[in-house]
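Structure record follows, encoded as structure tokens.
Derivation of every value follows stated rules applied to the coordinates shown; laboratory data play no part. Predicted model, so just to flag it, every value in this text is computed and none were measured. Cβ: placed from backbone, ideal geometry, glycine included. Neighbour counts: every protein chain shown.
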Amino acid sequence: MKFERYGVGLVKGLLVTFKHLFRHPITTQYPEQRLVPSRRTRGNELVWNNVKCVVCTTCAKTCPQGAINMETEVDPANPGKRIITRFEVDTGYCISCGLCVESCLYNALHMGYAYERAQYRRQDLIQSNDGLLASETRKASAFMHTDMEKDFPEQTLLIDRNKKKAVIKPSGDANIEPAAAPPPESTPAAPAS
């Protein structure tokens, strides 16, 4: 058994501390600085396209928590067709698993891109009909819809932030400003032979 001298472990720990002391800080000051999440993120809201929806209720049937509630009725103009009278999602029960989006055969349901949906009252977490439609502030993410990826900015959450800085303005638009390019690394010339 090898015994180390007293204090060697302390010095090793302090070396790790000093190594991190001189690194570029990775902390983001959240309310002022916001990073762009992944293009395929599963935000905590659903975006519904009522034009594509054919009222098959597959999304409500596949929800493991029962967070989706749909009420339908027969269309008076077309007795062979059903229309939605109420489409409701309780985001308080939703676990953002994405099974409803995967099961929708007509691409009428998308996961949202937003992640700030905290509310003080539980009844404010229930989204219904017009509150589920896409708008400037409610964008659908590219989760399960990879063809939509080109419409979103590059993720800054896990990539090297020294190269790109991204800040989301309150309107939801992302501005990506490239930082100054790092100096090129000089490589020694190969010896002539």
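A few notes on this one:
- Highest to lowest packing among 113-119, 44-50, 19-25, scored as the average C-beta count within 10 Å: 44-50, 113-119, 19-25
- P(r) tail fraction, region 76-160 - alpha-carbon pairs more than 15 Å apart, %: 70 percent
- Positive contributions from Lys and Arg (+1) and negative ones from Asp and Glu (-1), summed over other residues with Cβ under 10 Å from the Cβ of Leu109, come out at 0.
- With coordinates expressed along the principal axes, the C-alpha atoms belonging to region 1-157 extend over 87, 36, 32 Å, beginning with the largest.
- Cα centroid separation, region 44-67 to region 83-152 (Å): 9 Å
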